[in-house]
Amino acid sequence: MTTAPTNATPQAAMRLRELVFGAACAAAVRAAARLGLADALGDTPAGVTELADRLDTEPRQLRRLLRALTCYGIFAETSEDRFEHTEMSRLLREDAPNSLRYISLWCTEPWTWEAWPKLDEAVRSGRNVFPDLFGKEFFDYLHSDAGDSAKVFDKAMTTSSRQSAQDFADYLDLTGIDSVADIGGGQGHVLVSLLEKHPALHGTLLDLPKVVAGADPRLRDGGAFSTRASLVPGDCRVEIPVRADLYIIKNILEWDDESTRRTLANVVAVARPGARVVVVENLVDNSPSMRFTTAMDLMLMLNVGGAKHSEESMVGLMAEAGLDVTAVRPVNPYLHAFESVVRG
C-alpha cells in the first residue's frame with residue numbers, strides 16, 4: 001500500500017483554497033448582473049463614487065465587489081478607485097451582442113444555492129435531489145413556485161439559442177436539402193437562421209404546444225417565413241409526424257437515456273432511409289469547454305436527473321437507434337455536431 005505525499009506545493013494549496021471559495025466568485029458575478037454594474041460603466045473609466053451614485057449603492061461596498069471581480073478579469077482597475085471594462089465584463093451588459101447577463105443570473109438563481117450542497121447525495125443515490133428539496137420536479141417548481149426564476153430561464157435560453165443558432169447555420173452544409181425539421185427547436189431560432197440563409201428551403205418546427213405557440217413571429221402566420229415554415233405541436237418522445245430531408249436535434253438529448261432512445265427511434269421510424277440527422281450537443285469530453293460542460297452536467301444530475309454526453313455515449317445511442325454516424329465536428333467551442341444518416 002502506497003501512502004499519498006503529505007506536503008502539497010504552495011501553488012496547489014492556494015489553487016484549492018480559491019476553488020472552494022468558488023461560490024464567492026459566482027455570487028460576485030450575480031451581484032454585478034443584478035445591480036447592472038456593467039451597464040452603468042460606460043466606455044471610459046469611472047470612479048467608484050460615480051458608479052455608486054448611478055447604482056444607488058454604498059461606495060465602500062461597491063469597491064469591495066469590484067476588487068473581487070477584477071481578480072478574475074471581470075473589470076479592471078486603471079488607478080485607485082477607477083475601473084474600466086474588460087472583454088468579460090462587457091459580456092454582462094444587457095445590450096452586448098453576445099450578452100451572458102441572463103446566463104449568469106440563471107446559473108446562480110436562489111434554488112441553485114440549495115441544490116449544490118446535495119451533490120454528494122445525488123452521486124450516492126443516482127437520482128436528482130430536487131423533489132426532496134422542493135417537493136416537486138424541477139420544471140413544475142419553476143413554473144408554479146418560482147415565476148421570477150422561470151422568466152430568467154426563458155431569457156437565458158433565448159439568448160443562448162440565438163447565439164448558437166447563427167453558428168450552427170454557418171456550419172451546416174445544406175447541399176441537396178429541400179426540407180428540414182427542427183425537433184424540439186423551442187422558439188425556432190435555428191430554423192429562422194436557416195430559412196434566412198437559404199431562400200428555397202422549407203422547414204418544420206416541432207415542440208410542445210405551449211412552446212410552439214410562442215414561436216418566433218417570423219415563422220407564424222403573416223411572418224416573413226410563414227409560407228416556408230410549418231409549426232407542429234407535439235412531444236418528440238411520443239411521436240415525430242414529420243417527413244424531411246434533414247432532421248436537427250439540438251441540445252435536448254440531455255434527459256435520461258430512455259427518453260433519448262425514444263426520440264431517436266421516433267426520427268428513424270418516420271424518416272426515409274438515407275435521410276440526414278444532425279444531433280448537436282455540448283460534450284463532457286473532447287471539448288475546449290469541458291469545465292463549463294462538466295459543470296452543466298453536474299447541475300443536470302441535481303435538478304432533473306439528466307446528463308450531458310460524451311462522444312462515445314452519443315454515438316452509441318444513435319447507432320442503437322438505427323443511425324450511422326459519419327462525422328463528429330465542432331460547431332463552436334461549446335457545441336459538437338453528430339452527422340448521421342438513417343440506416344437503409
- Message: Suppose we keep only residues that are part of a helix (DSSP H, G or I) and loosely packed, with under 15 Cβ neighbours inside 10 Å within segment 227-264. Which one would you say is modelled with the highest pLDDT?
- Response: 227
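Within segment 275-293, restricting attention to residues that are closer than 21 Å to residue 329 by Cβ and open to solvent by 40 Å² or more (accessible area, probe 1.4 Å), which residue is nearest to the chain's Cα centre (by Cα)?
At the first step, the residues of segment 275-293 found to be closer than 21 Å to residue 329 by Cβ are 275-290, 292-293.
Still in the running and open to solvent by 40 Å² or more (accessible area, probe 1.4 Å): 276, 285-286, 288, 290, 292.
Numbers: 276: 24, 285: 16, 286: 18, 288: 15, 290: 13, 292: 10 Å.
Only one residue fits best here, namely 292.
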- Note on the structure: Every listed condition ((1) under 23 Å from residue 102 (Cα atoms); (2) in contact with a strand residue (DSSP E or B) (Cβ under 8 Å, 6 or more places away or on another chain); (3) among the charged types (D, E, K, R); (4) without any contact (Cβ under 8 Å) to a residue 40 or more places away in the chain) holds for residue 84 save (4)
- Message: If I filter segment 152-161 for residues that are closer than 21 Å to residue 244 by Cα, among the hydrophobic types (A, V, I, L, M, F, W, C) and part of a helix (DSSP H, G or I), do I get at least one hit?
- Response: no
- Take the residues in segment 133-174 that are acidic (Asp, Glu) and touching a residue at least 40 places away in the same chain (Cβ under 8 Å), then tell me which one is least open to solvent (accessible area, probe 1.4 Å). 167
- Within segment 101-132, the count of residues that are touching a residue at least 40 places away in the same chain (Cβ under 8 Å) and assigned to a loop (DSSP other than H, G, I, E, B) comes to 6
- Give the number of residues within segment 202-215 that are buried (at least 19 other Cβ atoms within 10 Å of the Cβ) and touching a helix residue (DSSP H, G or I) at 6+ places or on another chain (Cβ under 6 Å). 2
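The values are calculated or read from the model by the stated rules, or taken from the named source; none is laboratory data. Given the structure is predicted, the values throughout are model-derived calculations rather than measurements. All Cβ positions, even for glycine, are placed from backbone atoms using ideal geometry, and neighbour counts span all protein chains on display. Ligands, DNA and RNA are excluded from the accessible area calculation, which covers all protein heavy atoms including side chains. Shrake-Rupley method; radii C 1.70, N 1.55, O 1.52, S 1.80 Å.
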